[in-house]
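Step one of this worksheet: look at the structure below.
The values are calculated or read from the model by the stated rules, or taken from the named source; none is laboratory data. The structure displayed is predicted, hence computed values, not measured ones. Every residue, glycine among them, receives a Cβ derived from its backbone with ideal geometry; neighbour counts consider all protein chains shown. Surface accessibility is based on the protein's heavy atoms, side chains included, excluding ligands, DNA and RNA. Shrake-Rupley method; radii C 1.70, N 1.55, O 1.52, S 1.80 Å.
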Amino acid sequence: MYDLAIIGGGPAGLTAGLYGARANLKTIIIEKGLYGGQMQNTLEIENYPGFKNVGGPELSEHMYNQALAVGCEWKYGDVTQVSLEGQPKVLEVSGEKIEARSVIIASGAQPRKLGVPGEKELSGRGVSYCATCDGAFYEDLEVVVVGGGDSAVEEGMFLTRYASSVTVIHRRDTLRAQPILQQRAFANPKMKFIFNSEVQEIQGDKRVSGVLVRSNKDGSTQVIPCSGVFIYVGFFPNSEYLKGTGILDEQGYVVTGPDMKTAIPGVFAAGDVRNTPLRQIVSAAGDGAIAAMQAYHYLENL
Ligand code: FAD
Ligand code: NAP
């Protein structure tokens, strides 16, 4: 029986693990992938306090080692079902049951699909959701990035290290990305922008050869030839396993207050999986710390 079980080992879960273990709670993190979560797919992080510039995998390793050094346990496994009401809380992890007196949900988010013809068929054959993972395959080739947020612009800039040109296709006339990222992107000679346009189809036989784009203004269409299409149209929460618990909003995010408490006593949420106005490493870490200390107070009063 654990005092605290944490679902997910991204920055929210790892920070919760650090704080839980330091508060002398018998703490376990359950993670189905690599420690660090989305940070593992980020080459450079420039906005985590204390580091002017740090690699995502490097920051992940620091957080992981720090949590384990203070006694937090780590388990590789997929949480597929939960029973959260009352005591104990029970998590089904790859067929095994784990019991804990409190739970922090920190299962984060994953890339949203564009949902156009060709996307599924050419996935892994020119269609990608991770520039850090696949960018090097596009040396001197033309690529397209779909989306207008921080991810699209930042990852598009990263792709200019390899690609001969990067064309960002965005459905509106202004980018959603932070102004500093926009400034850098507009100043980069390899970056091109097609505004007010949507990708209708990803074309190609065995590999991507181009995208069919339709103007939202006049309905005209054109084919942009390219070898790769990187899709950054937002994220959705990893909360499938929480369906039926009554703690999700209509988009699937876990509803909490600023104290990270859900409607179920002893169950907290932290990071990208919750209904938060900011989805960043620093806010995920902050959420994790608050959630762990709230779990500590809950256990004291149990
Ligand atoms: P995640 O990082 O998503 O981690 C959740 C973890 O839970 C994952 O490892 C997942 O495998 C695991 N998990 C999910 N479901 C289960 C389950 N059922 N059982 C077990 N484990 C499960 N933020 C910044 O501050 N600066 C940046 O420069 C920056 N760059 C970014 C670049 C990109 C391309 C992307 C995609 C995001 C970037 N972000 C950046 C955002 C930042 O990475 C996220 O806000 C942050 O990682 C969220 O942390 P988290 O712990 O809540 O979730
Ligand atoms: P996001 O902010 O939700 O942006 C998604 C973009 O995709 C928006 O521009 C949106 O258009 C567009 N879009 C959505 N659905 C679409 C569709 N069906 N067809 C075409 N375009 C579509 O997602 P994100 O950029 O991945 O960022 C996610 C979170 O991570 C944010 O909180 C972000 O701040 C954070 N992040 C931070 C950094 C950093 O700090 N350096 C880097 C990456 C990510 P509209 O603008 O019209 O809605």
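Computed over protein heavy atoms with a 1.4 Å probe, the accessible surface of the stretch 198-238 works out to 51 Å² per residue.
Taking only C-alpha pairs under 8 Å that are 6+ residues apart, what is the relative contact order of the chain in percent? Write out the running numbers ahead of the final one.
Values: 712 pairs, mean separation 63.9, N = 302.
That works out to 21 percent.
Roughly to the nearest percent, how much of the accessible area of the chain is carbon and sulfur, given a 1.4 Å probe? Answer for the chain: carbon and sulfur cover 50 percent of the accessible area.
So which GluC sites (Glu not before Pro) in the stretch 229-302 are both in a DSSP loop and have at most 15 other Cβ atoms within 10 Å of their Cβ? Each step should come with its number before you reach the end.
Numbers: sites: Glu240, Glu250, Glu300; in loops: Glu250.
Answer in residue order: Glu250.
Just the accessible area per residue of the stretch 1-127, please: how many Å² with a 1.4 Å probe? It would help to have the intermediate numbers written out before the result.
Values: 6010 Å² over 127 residues.
Solvent-accessible surface per residue comes out at 47 Å².
The chymotrypsin sites (Phe, Trp or Tyr not before Pro) found in the stretch 39-108 that occupy coil by DSSP, while having at most 15 further C-beta atoms within 10 Å, are Phe51.
As an exercise, find the ratio Rg/Rh for the stretch 76-165 from alpha-carbon atoms, using the Kirkwood inverse-distance average for Rh.
Numbers: Rg = 19.6 Å, Rh = 16.5 Å.
Ratio value, two decimals: 1.19.
Report the Stokes-Einstein translational diffusion coefficient (µm² s⁻¹, integer) for the chain, Rh taken as the Kirkwood radius over Cα pairs, at 25 °C with viscosity 0.890 mPa s. Each step should come with its number before you reach the end.
Values: Rh = 20.4 Å.
Approximately 120 µm²/s, per Stokes-Einstein.
For Val79, the accessible area of its heavy atoms, probed at 1.4 Å with every protein chain present, is near 10 square angstrom.
Of the whole protein surface, Glu85 contributes about 120 Å² of accessible area at a 1.4 Å probe radius.
What GluC sites (Glu not before Pro) does the stretch 5-69 have in DSSP loop regions with at most 16 other beta carbons within 10 Å?
Working: sites: Glu31, Glu44, Glu46, Glu58, Glu61; in loops: Glu44, Glu46.
Sites meeting the loop and neighbour criteria: Glu44, Glu46.
Which residues does the label zone of Arg176 cover in the stretch 209-243, counting backbone N under 18 Å from a point 7 Å along Cα→Cβ? Only 216, 230-238 fall inside the zone, counting backbone N under 18 Å.
Compared with the dominant Cα axis of the chain, that is its longest principal axis, helix 11-22 is turned about 20°. Applying 1/(1 + (r/R0)^6) with R0 = 25 Å to the Cβ-Cβ distance of Cys133 and Phe51 gives a FRET efficiency near 0.70.
For Lys97, the lysines whose Cα falls under 17 Å of its own Cα, not counting residues fewer than eight places away in the same chain, are Lys26, Lys32, Lys75, Lys89.
Determine, from the Cβ-Cβ distance of Gln200 and Glu73 and an R0 of 35 Å, the FRET efficiency 1/(1 + (r/R0)^6), rounded to the nearest 0.05. Don't skip to the end; give the middle numbers.
On the way: r = 49 Å, r/R0 = 1.39.
Rounded to the nearest 0.05, the efficiency is 0.10.
How much length is gained if the chain between Glu44 and Gln87 is pulled fully straight, taking 0.36 nm per residue apart and subtracting their Cα-Cα distance, in nm to one decimal? Mind showing how you got there, number by number?
Values: separation 43, 0.36 × 43 = 15.48 nm, distance 4.21 nm.
Between Glu44 and Gln87, full extension yields an extra 11.3 nm.
Tell me, what is the percent relative contact order of the stretch 113-231, built from C-alpha pairs under 8 Å that lie six or more residues apart? Intermediate values should be presented prior to the final figure.
Working: 259 pairs, mean separation 37.9, N = 119.
Answer for the stretch 113-231 is 32 percent.
With a/c under 1.5 counting as rounded, go ahead and sort the stretch 113-231 into rounded, prolate or oblate using the C-alpha gyration tensor (a ≥ b ≥ c being the square roots of the eigenvalues; past the cut-off, prolate if a/b is larger than b/c, else oblate). The shape class here is oblate. Percent of Cα pairs in the stretch 258-298 per distance bin of 10 Å, from zero to the largest separation: 34, 55, 12. Does anyone have the angle between helix 281-301 and the longest principal axis of the chain? Alpha-carbon axes, 0 to 90°, nearest 10? The angle comes out at about 20 degrees. For the chain, the longest principal axis of the Cα atoms and the long axis of helix 56-69 meet at an angle of about 10 degrees.
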